[in-house]
Amino acid sequence: MSKPKAPRRVGDNEALSVGTQIRGSAQKLNLVAALIRNRKAGDAMNILAFSKKAMAVDARKVLASAIANAENNHNLDVDALVVTEASVGKSITMKRFHTRGRGKSTRILKPFSRLRIVVREVQEEA
């Protein structure tokens, strides 16, 4: 006897993708995520492709993964996808030390972030 299948974390007309270890602070990543919330998936990809922010590169990869999951795993229409959720959170923090003068050292924190993107298929009203 096996365990029952885990329920889906999102709805039937939604697809999910999570980037668990994106190098950079959650505050910087949230600025990029705010650019794509509640936009069409194609428009969001273009915004991230031409953004000057460095975090946009990793956000674009997560969004591309969510679109691919929608198309291949859930048989959703790619042209009707909208980014309904782009939430950011903290992940691990690497601790490093930097030597300073007179035999002292200071701590350097290198944060990582998480990005969760949910795309939903929306029917257009005529």
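The values are calculated or read from the model by the stated rules, or taken from the named source; none is laboratory data. Just so it is clear, the structure is predicted and the values come from calculations on it, not from any experiment. All Cβ positions, even for glycine, are placed from backbone atoms using ideal geometry, and neighbour counts span all protein chains on display. Side chains included, ligands, DNA and RNA excluded: accessible areas come from the protein's heavy atoms. Shrake-Rupley method; radii C 1.70, N 1.55, O 1.52, S 1.80 Å.
Near Gly24, the amide H atoms lying under 5 Å from its own belong to Phe112, Ser113; only residues 5 or more places off or on other chains count, and H is placed 1.01 Å from N.
Only protein atoms count toward the accessible area here, which uses a 1.4 Å probe; on region 14-121, the carbon and sulfur part of that area reaches 47 percent.
How about region 18-116: which chymotrypsin sites (Phe, Trp or Tyr not before Pro) there lie in a loop by DSSP and see at most 10 other Cβ atoms within 10 Å? In loop regions of region 18-116 (DSSP not H, G, I, E or B), the sparsely surrounded chymotrypsin sites (Phe, Trp or Tyr not before Pro) are Phe50.
Mind running the shape call on region 67-126? Use the C-alpha gyration tensor, a ≥ b ≥ c as the square roots of the eigenvalues: rounded below 1.5 for a/c, prolate if a/b tops b/c, oblate otherwise. Prolate. Assuming a viscosity of 1.567 mPa s and a temperature of 4 °C, what translational diffusion coefficient in µm² per second does Stokes-Einstein assign to region 14-121, Rh being the Kirkwood radius over Cα pairs? So the translational diffusion coefficient is about 88 µm²/s. Against the chain, whose longest principal axis comes from its Cα atoms, helix 55-72 is set at around 30 degrees. Multiplying the residue separation of Gln123 and Lys5 by 0.36 nm and removing their Cα-Cα distance gives an extension gain of 39.6 nm. Qualifying GluC sites (Glu not before Pro) in region 22-126, where qualification requires a DSSP coil assignment and no more than 12 other C-beta atoms within 10 Å, comprise Glu124, Glu125. For the chain, a crude dipole built from +1 on the beta carbon of Lys and Arg and -1 on the beta carbon of Asp and Glu, taken about the Cα centre, is about 1680 debye to the nearest 20.
Axis of helix 26-36 versus longest Cα principal axis of the chain: the two differ by about 30°, to the nearest ten degrees. Peptides 102-108, 34-40 ranked from most to least packed by the mean count of surrounding Cβ atoms within 10 Å: 34-40, 102-108.
Heavy-atom accessible surface of region 20-120, averaged per residue, reaches 63 Å², computed with a 1.4 Å probe. Between Phe50, Ala34, Thr20, the Cα set farthest toward the positive side of the dipole of region 1-53 (charges on each charged residue's Cβ, about the Cα centre) is that of Thr20.
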